[in-house]
1. Considering each of 100, 82 in turn, give the residue that is over 37 Å from the mean Cα position of the chain (by Cα) and surrounded by 10 or more Cβ atoms within 10 Å (Cβ to Cβ).
2. Among the residues of segment 46-104, what is the count of those that are in a loop (DSSP other than H, G, I, E, B) and modelled with pLDDT of 95 or more?
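The values are calculated or read from the model by the stated rules, or taken from the named source; none is laboratory data. Since this is a predicted model, take the numbers as computed values, not measurements. So basically every Cβ, Gly included, is an ideal-geometry build from the backbone, and we count neighbours across all protein chains shown.
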Amino acid sequence: MAVPTSIYQTSTGQYTATGDMPTYQIRAPTAALPQGVVMAASPGSLHSPQQLAEEATRKRELRLMKNREAAKECRRRKKEYVKCLESRVAMLEVQNKKLVEELETLKDICSPKTD
């Protein structure tokens with residue numbers, strides 16, 4: 001368990017501890033509590049089950065939206081990559097054709113003619 005790295009008092013007189021754990025607010029006791037008892041509440045524990053479900057739904061929708069955008073960007077990059085490869089193939093085919101023609105020309109020049 002991590003120990004809070006800092007504890008400080010806010011302007012309202014509350015003490016707040018922060019660190020590797022979630023932030024907790026430590027409030028001074030009210031009149032209803034026995035002397036020396038301190039209340040501590042985690043910000044996450046103040047939600048109702050309905051709020052938690054809504055938050056989970058919102059996070060899921062946000063995650064799905066980000067995933068759709070990432071997939072869209074991935075498809076765009078793949079399309080661009082394939083176009084680049086197709087262009088390179090076309091260029092290399094033309095270069096290969098020229099080299100084959102040049103080879104034939106050099107063969108004709110260098111080969112002894114037996115006519």
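1. 100
2. Adding up the residues that qualify gives 0.
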